[in-house]
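Engineer: One structure coming up, written as structure tokens, with questions to follow.
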Amino acid sequence: MVQLSGTYRNGNITLDEPINIDKSVKVIVTFMDIDADPKEKRLTFNDFSFAKSRELLKDVKGSLSDAVIEERRSAL
């Protein structure tokens, strides 16, 4: 893994140092100076409720994982 820094401007990324790679590689781009939108919905501890989960799963016979697998297979 190689780590480089650069600058993003108008849809283009300019690297601070040149790099020579002869094949396609996956990259991860992290925007360090931009804060997340405060209006964006974030999960909180109150979003997780054991009682709500039990209510949603009351009709599931068997294991939750089997139900999820079956649901995803039927969606294909």
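The values are calculated or read from the model by the stated rules, or taken from the named source; none is laboratory data. Everything numeric in this text was worked out from a predicted model, so none of it was measured. Every residue, glycine among them, receives a Cβ derived from its backbone with ideal geometry; neighbour counts consider all protein chains shown.
Engineer: Given the conditions (1) loosely packed, with under 10 Cβ neighbours inside 10 Å; (2) assigned to a loop (DSSP other than H, G, I, E, B), and given that residue 60 satisfies all but one, which numbered condition is not satisfied?
Structural biologist: Residue 60 satisfies all of (1) loosely packed, with under 10 Cβ neighbours inside 10 Å; (2) assigned to a loop (DSSP other than H, G, I, E, B) except (1).
Engineer: Hey, among the residues in the stretch 17-33 that are under 13 Å from residue 6 (Cα atoms) and more than 19 Å from the chain's Cα centre (by Cα), which one's modelled with the lowest pLDDT?
Structural biologist: Per the stated criteria, the residue is 33.
Engineer: Moving to a separate point now. Are there any pairs, at least 6 apart or on different chains, whose C-beta atoms fall under 6 Å, with the first in the stretch 7-22 and at negative phi and the second surrounded by fewer than 10 Cβ atoms within 10 Å (Cβ to Cβ) and part of a loop (DSSP other than H, G, I, E, B), and if so, which?
Structural biologist: 16/5
Engineer: Please go through the stretch 23-54 and give me each residue that is among the charged types (D, E, K, R) and either in contact (Cβ under 8 Å) with a residue 12 or more places away in the chain or surrounded by 10 or more Cβ atoms within 10 Å (Cβ to Cβ) (or both), ordered by number.
Structural biologist: 52
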